[in-house]
1. Kindly state, to the nearest 0.05, the FRET efficiency for Glu156 paired with Leu67, given R0 = 45 Å and r defined as their beta-carbon distance.
2. Suppose each label sits 7 Å from its Cα in the direction of the beta carbon; what would the Glu106-Glu196 distance come out to in nanometres?
3. So what J values fall out for the range 136-150 if you push phi through Karplus, 6.51 cos²θ - 1.76 cosθ + 1.60 with θ = phi - 60°, rounded to Hz, Gly and Pro as x?
4. Under a Cβ-Cβ limit of 4.7 Å, which cysteines in the chain have nobody to pair with?
5. Rounded to the nearest Å, what's the spacing between the alpha carbon centres of the range 24-102 and the range 144-217? Just the number, please.
6. Which FRET efficiency, nearest 0.05, do Phe271 and Lys214 yield, Cβ-Cβ r, R0 41 Å?
7. To make sure I understand, if each residue's beta carbon is the centre and we count other beta carbons within 10 Å, what order do Tyr157, Tyr59 fall in, fewest to most?
8. How big is the antiparallel share of DSSP beta bridges in the range 2-271, given as a percent to the nearest 5?
Amino acid sequence: MKIKVAELFYSIQGEGRYMGVPSVFLRTFGCNFKCAGFGMPRGELSTEADELATVAHLYNKYEELPLVSTGCDSYASWHKDFKNLSPLITNEAIVERIKEILPHNEWQEEHLVITGGEPLLGWQKSYPELLDMMPNLKEITFETNGTQQLIPEFREYLHNWNRDGREITFSVSAKLPASGEIWEDAIKPEIVCTYEEVGTAYLKLVVATEEDIKDAEQAVEQFRKAGFTGHVYLMPVGGVESVYTLNARSVAIAAMKRGWRYSDRLQVPLFKNEWGT
């Protein structure tokens with residue numbers, strides 16, 4: 001089976017529960033959201049990704065792409081004009097590449113992060129074969145927006161995989177109105193609660209302003225009413241350092257006041273959020 005892969009690289013996890021853990025990142029292509037509102041004034045949408053799309057033909061690989069300061073910082077993983085940079089790769093080839101980039105050519109303490117785009121959108125049927133090829137892997141995280149149901153076959157597979165000390169985590173970056181997405185389309189507590197039936201799930205909410213934090217409070221209340229039991233992380237907006245540093249401190253204070261956790265974005269100060277980090 002094959003997966004359309006935007007990026008495959010080795011780095012440290014910069015966000016959430018496993019922050020600082022050495023990880024292999026498998027970024028799949030395709031998403032049901034654009035998140036064009038990040039970093040923009042309330043109600044406005046960024047055109048950076050669409051502007052870059054007009055010159056997409058000038059780029060031959062991810063590493064050449066510019067970073068954006070507004071909108072989705074991984075725009076090339078879903079924008080159709082950049083899909084040629086994300087080849088369809090067999091699971092066998094993915095596993096071989098992972099072996100090449102792991103420090104000891106095999107899984108030890110490292111973590112696998114399947115991200116996107118939206119990794120649960122179209123590739124769930126391919127993941128069982130992929131994971132079966134990596135029997136020594138012990139920890140996996142799906143970085144998801146929390147809107148996609150697990151298909152029955154994959155749900156059953158994860159039930160069986162999550163045994164013998166292996167861990168499955170769903171890092172749910174539910175999209176608040178600051179993202180530019182519609183609340184009813186983005187906030188799906190009933191779906192996220194089903195993730196908790198096969199692993200650990202937590203919310204990772206991106207905020208910048210007091211209005212964003214009020215939206216986060218409303219979202220958390222909705223998730224709790226649906227039965228969600230996981231932790232809540234607040235994370236500052238900003239894919240580039242100039243934006244990120246403006247609100248990191250205030251977001252950390254807001255998280256403490258509410259008894260929530262704070263998530264840094266370590267990849268921003270460490271690597272300037274470059275592709276492949």
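All of the numbers you see were taken from the coordinates with simple rules; none came from a lab. Not measured: the values here are computed from a predicted model. Counting neighbours? That spans all protein chains shown, and the Cβs are built from the backbone with ideal geometry, glycine included.
1. Working: r = 40 Å, r/R0 = 0.88.
Result of the calculation: an efficiency of 0.70.
2. The two pseudo-label positions are separated by 3.8 nm.
3. Those phi angles translate into 8, 5, 10, 9, 9, 10, 9, 8, 10, 8, x, 10, 10, 5, 6 Hz.
4. Among the cysteines of the chain, those whose Cβ sits 4.7 Å or more from every other are Cys31, Cys193.
5. Here the answer is 21 Å between Cα centres.
6. Working: r = 32 Å, r/R0 = 0.78.
So the FRET efficiency works out to roughly 0.80.
7. Details: Tyr157 20, Tyr59 17.
If I rank by nearby Cβ atoms, fewest first, I get Tyr59, Tyr157.
8. 30
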